[in-house]
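Colleague: Just passing along the structure, written as structure tokens.
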Amino acid sequence: MKRKNLYNIITQGISDMMIIWMNELKNVVKDQGILIFFILVPLAYPILYTYIYNNEVIREVPVAAVDDNRSSMSREFLKYVDANPDTRIVTYPANMEEAKEAMMEGKIYGIIYIPDDFTKTLVKGEQANVSIFCDLSGMLYYKALITSATNSSLMMNKEIKISKMGNSTDRQDEIATAPIAYDDIALFNPQAGFASFLIPAVLILIIQQTLLLGIGLAAGTARENNRFRDLVPINRHYHGTLRIVLGKSLLYFMLYVIMSTYILVFVPKMFSLPQIGNPFTIAQFILPYLLSAIFFAMTCSVLIRHRETCMIVYIFTSVPLLFISGISWPGTAIPEFWKIVSYIFPSTFGINGFVQINNMGATIEDVSTGYKALWIQAGIYFITTFFVYRYQIIMSRRHVWRRYKEISRKKRIK
């Protein structure tokens, strides 16, 4: 008899869970706002972000050259600068004032200044100076200009050394100008590009933030449609906490298995971003990330009272979460307080682990700390989700009971 009752309880629980799953699916399909956050945003945002940064590096940055020396050596230096793919000399102002005016007007992003004693200093065998001024409102402009000027000075240094050696063989010139041979290899980001370094982190963050938006919007809608502004509706299928949590989370998980495959596999492939990670390892790592992000969003959804509230949460958290993840800003430079705060969010461990696996070819053992942390978060947020929904069921029953007593009191008075 006990076994039969247990079997009936389990069967009823599974049946209710599937009904809740179906109801949640209907709510998602019928609500255009939820569809946008669950489908359209994950489809469009990754392509938009990746397309914007797809050039990887900045080329042909317009700069001005102020040459007070006007000699063959100064012209040679500027020739090297102009030949460099990072910069392009677009104007030769007569003085620094004209160059500053051009920068203020936004026509150029940097100035190269060669003093009038440039050639004299070099002929005397002394160190000459070339000044560069850059618009630091964009750090990539500075990188392009400093790289171009440095490469040009190295080329001229090489030629000056060879000219001072006199009669020498090509091999002697090579040894004198480069006594130590070296190869410059950019690991995991061959182009030293912006997209290859930033986009993988953004893709992981998009998964978490769209889950927060979609689930939060669904919670706000549920409250607005509920007579007592409760998250859980008055329905016999919604009496069990576990079946509610599993039914809702199962739908979100199924949706985001598809969306994550698109975001993390097909989008990088479309734009030829680095992908050297093992697909099975990526799938193994993304599993706890999805679970932790879903239960985290479901826990946070209890705070959403109106549909619009989730948009405020999204706007005020997206950029800070990217910074404190330790990708766009070095983790060692983040204050200890914000490091601790970052551990609350699945995106912190998800971003770092995915970048290491996808871009650096790491294994699960290499990212074991983040992998275990995600499983711990999934467990903790599952428990918190369970309790917040349990509390919502209790509150829903109280509201119904209170309303029932009010109606009964009115009938007795009449």
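Colleague: Between a residue in segment 79-95 that is closer than 13 Å to Val66 by Cα and any residue that is part of a loop (DSSP other than H, G, I, E, B) and of a type outside the set (S, T, N, Q), which pairs come within a Cβ distance under 7 Å, given they are 6 or more apart or on different chains?
Modeller: Correct list of pairs: Val90/Ile108; Thr91/Ile108.
Colleague: Separate question: Could you check, for segment 136-146, whether at least one of its residues is within 34 Å of the chain's Cα centre (by Cα), of a type in the set (A, V, I, L, M), open to solvent by 100 Å² or more (accessible area, probe 1.4 Å) and outside the structural domain of Met360 (by TED's automatic domain parsing)? So that I can check it myself, show each step before the final result.
Modeller: The initial filter retains those residues of segment 136-146 that are within 34 Å of the chain's Cα centre (by Cα), namely 136-146.
Subset that is of a type in the set (A, V, I, L, M): 136, 139-140, 144-146.
Filter once more, so that each one left must be open to solvent by 100 Å² or more (accessible area, probe 1.4 Å): 136, 139.
Adding the requirement that they be outside the structural domain of Met360 (by TED's automatic domain parsing) leaves 136, 139.
Yes, because at least one residue in segment 136-146 is within 34 Å of the chain's Cα centre (by Cα), of a type in the set (A, V, I, L, M), open to solvent by 100 Å² or more (accessible area, probe 1.4 Å) and outside the structural domain of Met360 (by TED's automatic domain parsing).
Residue-by-condition table, conditions (1) modelled with pLDDT under 90; (2) within 16 Å of Leu255 (Cβ to Cβ); (3) within 26 Å of the chain's Cα centre (by Cα); (4) crowded, with 16+ Cβ neighbours inside 10 Å:
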position: Glu24; (1), (2), (3), (4): yes, yes, no, yes
position: Val29; (1), (2), (3), (4): yes, yes, no, no
position: Gly33; (1), (2), (3), (4): yes, yes, yes, yes
position: Val41; (1), (2), (3), (4): yes, yes, yes, yes
position: Tyr45; (1), (2), (3), (4): yes, yes, yes, yes
position: Tyr51; (1), (2), (3), (4): yes, no, yes, no
position: Pro62; (1), (2), (3), (4): no, no, no, yes
position: Val66; (1), (2), (3), (4): no, no, no, yes
position: Asn69; (1), (2), (3), (4): no, no, no, yes
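Colleague: Is there a residue being surrounded by fewer than 16 Cβ atoms within 10 Å (Cβ to Cβ) and not polar (S, T, N, Q) anywhere in segment 108-115? Before the answer, list the steps.
Modeller: Of segment 108-115, the ones surrounded by fewer than 16 Cβ atoms within 10 Å (Cβ to Cβ) are none.
No.
Colleague: For residues in segment 115-135 being assigned to a helix (DSSP H, G or I) and of a type outside the set (Val, Ile, Thr), which is farthest from the chain's Cα centre (by Cα)?
Modeller: Among those residues, the one meeting the criterion is Lys120.
Colleague: Kindly establish whether Tyr92 is at pLDDT 90 or above, in contact with an Asp or Glu (Cβ under 8 Å, 6 or more places away or on another chain) and surrounded by fewer than 16 Cβ atoms within 10 Å (Cβ to Cβ).
Modeller: Yes; evaluated as a whole, the condition is true for this residue.
Colleague: Can you work out which of the residues in segment 148-169 that are among the β-branched types (Val, Ile, Thr) and open to solvent by 50 Å² or more (accessible area, probe 1.4 Å) is modelled with the lowest pLDDT?
Modeller: Going through the qualifying residues, I end up with Thr169.
Colleague: Within segment 301-339, can you find the residues that are among the acidic types (Asp, Glu) and modelled with pLDDT under 80?
Modeller: Listed by number, the list holds a single entry, Glu308.
Yes or no, residue by residue, for (1) under 30 Å from Pro268 (Cα atoms); (2) free of Cβ contacts under 8 Å to residues at least 40 places away in the same chain:
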{"site": "Asn151", "(1), (2)": "no, no"}
{"site": "Lys158", "(1), (2)": "no, yes"}
{"site": "Ser168", "(1), (2)": "no, yes"}
{"site": "Glu174", "(1), (2)": "no, yes"}
{"site": "Thr177", "(1), (2)": "no, yes"}
{"site": "Phe194", "(1), (2)": "yes, no"}
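Colleague: Could you list all residues from segment 294-338 that are part of a loop (DSSP other than H, G, I, E, B) and open to solvent by 30 Å² or more (accessible area, probe 1.4 Å)?
Modeller: Hits for segment 294-338 are Arg305, His306, Arg307, Glu308, Ile327, Ser328, Trp329, Pro330, Pro335.
The values are calculated or read from the model by the stated rules, or taken from the named source; none is laboratory data. Given the structure is predicted, the values throughout are model-derived calculations rather than measurements. Note: ideal-geometry Cβ built from the backbone for every residue, glycine included; neighbour counts use all protein chains shown. Please note that ligands, DNA and RNA were not included when accessible areas were found on the heavy atoms of the full protein model with its side chains. Shrake-Rupley method; radii C 1.70, N 1.55, O 1.52, S 1.80 Å.
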